[in-house]
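The structure appears right after this line, and notes come after that.
The values are calculated or read from the model by the stated rules, or taken from the named source; none is laboratory data. No experiment lies behind these values; they were computed from the predicted model shown. We place every Cβ from the backbone using ideal geometry, glycine too, and count neighbours over all the protein chains shown. Just so you know, the surface numbers come from the protein's heavy atoms only, side chains and all, with ligands and any DNA or RNA stripped out. Shrake-Rupley method; radii C 1.70, N 1.55, O 1.52, S 1.80 Å.
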Amino acid sequence: MRAVRTFTVRTPLPAPLEPLRRLALNLRWAWDAPTASVFSSISPELWESTGHDPVSVLAAVGGERLDSLAADTDFVSRVEQADAELSAYLAAPPFSADTPLRSVAYFSPEFGIAEALPQYSGGLGVLAGDHLKAASDLGVPLVGVGLFYRYGYFRQILDADGWQDQHYPHLDPHAMALTLIDGVRVEVEMGDADLVAQVWRADVGRVRLYLLDADIEENDPAERLVTDRLYGGGPEHRIRQEILLGMGGLRALSALGEDTQVLHTNEGHAGFLTLERVRQLMTGEGLSLPEAIEATRAATIFTTHTPVSAGIDRFPRELMERYFKRWAASCGVSLDELMELGHGIGEDIEEPFNMAVLGLRMSGRANAVSKLHARVTQEMFAPLWPGIPEEEVPVAPVTNGVHFPSWVAPEAAELFGRCIGEGWPSAGEQDWERIHELDDDSIWTARRAGRGRLVDAVRRRHRSPGGAPRLDPDALTIGFARRFAPYKRATLLLSQPDRLRSLLLHPEHPVQMVFAGKAHPADDAGKELIRAIVHFSRDPEIHNRFVFVEDYDIGVARAFYQGADVWLNTPRRPMEACGTSGEKAALNGALNLSILDGWWDEMFDGENGWGIDSAEYEADQARRDEHEANSLFVLLEHEVVPLFYDRPAPGAPPPGWCSKMRTAWASLGPQVSAARMVRDYATQLYEPTAQRVDDLEADAFARARALADWKQRVLRGWSGVSVGEVTVDDSALDLRGSREVEVRVSLGDLTPTDALVQAVHGTVGAGAELTPAGEPAALSHVEKAGGEHVYRGSVTGLRSGRYGVGIRVLPAHPDLAQAVEMGIATWAEP
């Protein structure tokens, strides 16, 4: 039997408690401790059983309890105070009063805001959630766009053999902190069918998050399933979801009246929004395809999180034709022209459509999520800029950060507030230096409180044939919680089981290890890693020292971050793009023990944790794993464990360990915050993009049209560009002295305003290879002599030893986002 119509029944609230409804529907409670405390005090049991969900607490609490609370003047006062603070928060000043930035639309396939809104699978979604929260705190004008998955991501269940099974509970958006936008429907072409989506809004502080939902009666059964599960199904299911996210998301913003000045795609899943933007400009503004591409690029930022090509979505030509033939017809574009947008230079037209290539081609600015990841990305995609040195490929690093109020333990927050001040979540380096004023006793009291909560959480959540493990609240606790993918090597320690047992079972200096994480439903190799850890943990001798906790989610993660003494990370370098779990753990006082990959590669300073050796030079994977496991065990046996247990008296704080915690907090605190991350996005990417899009769209897209025409003219004439005689005095030069350079250049049909002539200078190796030592020096046009143009300038000798100069010519135009944007250059022959 099925209902023919549905509606929502709300629990009536006594008048003094009516603000609770508003407080519950703004997800700021997920990081505002006083507001969360109001809801938990309504019923601590309901608060825990609902997974810390205010909406569910209000739906389940009885009328008698509500009446009692309404008569409690202290409780009513707390409600009024929380409501007043929310109002003040929403009315706080914007990010900047003097900025070209009006709005950012941030697209992501998943958002991890809170356990009560399970629309995330792991790191990418939690990062997106932290991005929204930090944008809200800072007042950055941003809206989020995603999908509402009726079954979310799976709940993890381990069978008797330790093998991961997946359970997908049905989610009711009416019972969540979501509001249905009445009267808004978004239509999207889905192959030969048409899909209609409704839109839900979640209020994340000052940020609006819109989630598109295809599970409505207007759709046929196949279309209703488009938003069934996060990362479910094969390539066809993914392309359908990504069409709805990107193209449907952009249409939803128009229907909602949201400004779409800057478009930011968090990974390539939303990349099809650029095709929708092109369609809108061609059919609505009369732009040609090249002109529409330039206008779209001006507005778009692409963030890549994938350091390996295997992790990039690719769609076969047959699927692209099936799902984009109507788009191509409406734009007057051939399928080959469409496919070229997702192909590398010279790639066969029958090759799959690459979403990362689309993201890079259709974005004016692109970034990676750590400095090392930027270098890896530059290497991966250098062929898209064939005339440009790899290190100049236009992919900038903006290292990920974490939203401090969402993850920090209350005891650590109290310490930070005491010595840094209440503005500690966005404090700078000098403020964080005051952390050295903390005494060992205060630090250790906070550390023990977090470890104790982790011990209790493991006991509550653990399901095992041998009963719940009883971890030691005073033992050195090592945490490992993340997605179980083979490259993350969760079982590296298991490669030397006797050595591991010696650590776990030491009679005086015991170590205990807690693991959690999910493998992708299709990743049997990842599931095998989980099973191996579970099997090892079932040995009765180590049952209370080595534990796997099922059904990893934000709540489990928070307990791990706040309770672990050491955060273990063992990826194969450089396959970890960033890895924010270690940042969250560090914030809570855990010391990182990690391969130098992702964020740790740039932030490890030799004193704020430990770096595991990486044997990248070793081609044999088994030998590499053996070398890196040996390095890990040596650190544990000779540095980590001795430092933890080196104490002046039993039960006393370990002075060396506390000192290392202070060092880690002082060095990492100002670097790992999401406030720093979003400020970097705002100043380095959002504001320049906003200014550029306004410039190119002005006067009916006059400058976008002109830029497209100029690019086509330059490409036609570039074969006529060549570098002739180069004159440089080769006598010795004092360090930091200046040396004049003169060069003659042929420009063919182009003019000096079309070209930038640069002297690239630096040290010279045995094979005459040039290693740049500074920014290329721009040379000035002096005169035209015969058929050549004369350029002059100077370079500074910035390094001692053999020094050299190389000359290159780049296309130049004031509306290029970067000088190397077009990927072509002409270099002087040696």
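Residue-wise test of (1) under 25 Å from the mean Cα position of the chain (by Cα); (2) among the aliphatic types (A, V, I, L, M); (3) open to solvent by 40 Å² or more (accessible area, probe 1.4 Å); (4) closer than 17 Å to D159 by Cβ.
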residue	(1), (2), (3), (4)
R531	no, no, yes, yes
E541	no, no, yes, no
R545	no, no, yes, no
A564	yes, yes, no, no
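Inside region 613-666, can you point out the residues that are part of a helix (DSSP H, G or I), over 21 Å from G563 (Cβ atoms) and among the aromatic types (F, W, Y)?
F633, the sole residue that qualifies.
If you go through region 650-657 one residue at a time, do you hit one that is farther than 29 Å from V458 by Cα, free of Cβ contacts under 8 Å to residues at least 60 places away in the same chain and open to solvent by 10 Å² or more (accessible area, probe 1.4 Å)?
Looking through region 650-657, none of the residues is farther than 29 Å from V458 by Cα, free of Cβ contacts under 8 Å to residues at least 60 places away in the same chain and open to solvent by 10 Å² or more (accessible area, probe 1.4 Å).
Looking at A785, is it on the phi < 0 side of the Ramachandran plot, among the small types (G, A, S) and touching a Lys or Arg at 6+ places or on another chain (Cβ under 9 Å)?
Spelling it out, A785 is indeed on the phi < 0 side of the Ramachandran plot, among the small types (G, A, S) and touching a Lys or Arg at 6+ places or on another chain (Cβ under 9 Å).
Check whether at least one residue in region 733-754 is part of a helix (DSSP H, G or I), within 26 Å of A825 (Cβ to Cβ) and either of a type in the set (F, W, Y) or open to solvent by less than 10 Å² (accessible area, probe 1.4 Å) (or both), and report yes or no.
Taking every residue of region 733-754 in turn, at least one turns out to be part of a helix (DSSP H, G or I), within 26 Å of A825 (Cβ to Cβ) and either of a type in the set (F, W, Y) or open to solvent by less than 10 Å² (accessible area, probe 1.4 Å) (or both).
Among the residues of region 67-94, which ones are of a type outside the set (A, V, I, L, M), under 32 Å from the mean Cα position of the chain (by Cα) and assigned to a helix (DSSP H, G or I)?
D83, E85, S87, Y89, listed by residue number.
What number of residues within region 471-483 are open to solvent by less than 10 Å² (accessible area, probe 1.4 Å) and either out of contact with any helix residue (DSSP H, G or I) (no Cβ under 9 Å at 6 or more places or on another chain) or under 16 Å from S594 (Cα atoms) (or both)?
Going through region 471-483 one residue at a time, the tally reaches 5.
Would you point out which residue out of G582, G589, G555 is modelled with pLDDT of 95 or more, within 23 Å of the chain's Cα centre (by Cα) and not in a loop (DSSP other than H, G, I, E, B)?
None of the other options fit; the residue is G582.
Using beta carbons and a limit of 9 Å, which pairs, at least six apart or on different chains, have the first residue in region 679-699 and over 17 Å from A292 (Cβ atoms) and the second one assigned to a helix (DSSP H, G or I) and open to solvent by 20 Å² or more (accessible area, probe 1.4 Å)?
Hits for this filter: R679/L138; R679/S426; A682/L138.
Which of the residues that make up region 425-445 are under 30 Å from P648 (Cβ atoms) and open to solvent by less than 20 Å² (accessible area, probe 1.4 Å)?
Matches in region 425-445: W432, I435, L438, I443, W444.
Does at least one position in region 790-803 carry a residue that is over 14 Å from V726 (Cβ atoms) and buried (at least 18 other Cβ atoms within 10 Å of the Cβ)?
Within region 790-803, one or more residues are over 14 Å from V726 (Cβ atoms) and buried (at least 18 other Cβ atoms within 10 Å of the Cβ).
Between a first residue in region 705-726 that is under 30 Å from G286 (Cβ atoms) and a second residue that is open to solvent by less than 80 Å² (accessible area, probe 1.4 Å) and part of a strand (DSSP E or B), which pairs have beta carbons less than 6 Å apart while being 6 or more apart in sequence or on different chains?
If the second residue must be open to solvent by less than 80 Å² (accessible area, probe 1.4 Å) and part of a strand (DSSP E or B), the pairs left are V714/P811.
For region 513-533, state whether one or more residues are of a type in the set (A, V, I, L, M), touching a residue at least 12 places away in the same chain (Cβ under 8 Å), farther than 28 Å from A310 by Cβ and assigned to a loop (DSSP other than H, G, I, E, B).
No, because not a single residue in region 513-533 is of a type in the set (A, V, I, L, M), touching a residue at least 12 places away in the same chain (Cβ under 8 Å), farther than 28 Å from A310 by Cβ and assigned to a loop (DSSP other than H, G, I, E, B).
Let's see how each residue does on (1) in a loop (DSSP other than H, G, I, E, B); (2) under 30 Å from A298 (Cα atoms); (3) not charged (D, E, K, R):
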{"residue": "K784", "(1), (2), (3)": "no, no, no"}
{"residue": "V795", "(1), (2), (3)": "no, no, yes"}
{"residue": "G801", "(1), (2), (3)": "yes, no, yes"}
{"residue": "G804", "(1), (2), (3)": "no, no, yes"}
{"residue": "R808", "(1), (2), (3)": "no, yes, no"}
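Within region 64-79, how many residues are free of Cβ contacts under 8 Å to residues at least 24 places away in the same chain and either open to solvent by less than 90 Å² (accessible area, probe 1.4 Å) or of a type in the set (K, R) (or both)?
5
T763: at negative phi and out of contact with any Lys or Arg (no Cβ under 6 Å at 6 or more places or on another chain), yes or no?
So T763 fails the test.
Can you tell me which condition E583 does not meet? The list is (1) closer than 22 Å to L494 by Cα; (2) of a type outside the set (G, A, S); (3) crowded, with 23+ Cβ neighbours inside 10 Å, and all the others hold.
(1)
Looking at region 684-728 only, could you name the residues that are touching an Asp or Glu at 6+ places or on another chain (Cβ under 8 Å) and on the phi > 0 side of the Ramachandran plot?
A700, F701
Assess whether E697 counts as being open to solvent by 10 Å² or more (accessible area, probe 1.4 Å) and under 27 Å from the mean Cα position of the chain (by Cα).
No: the conditions fail for E697.
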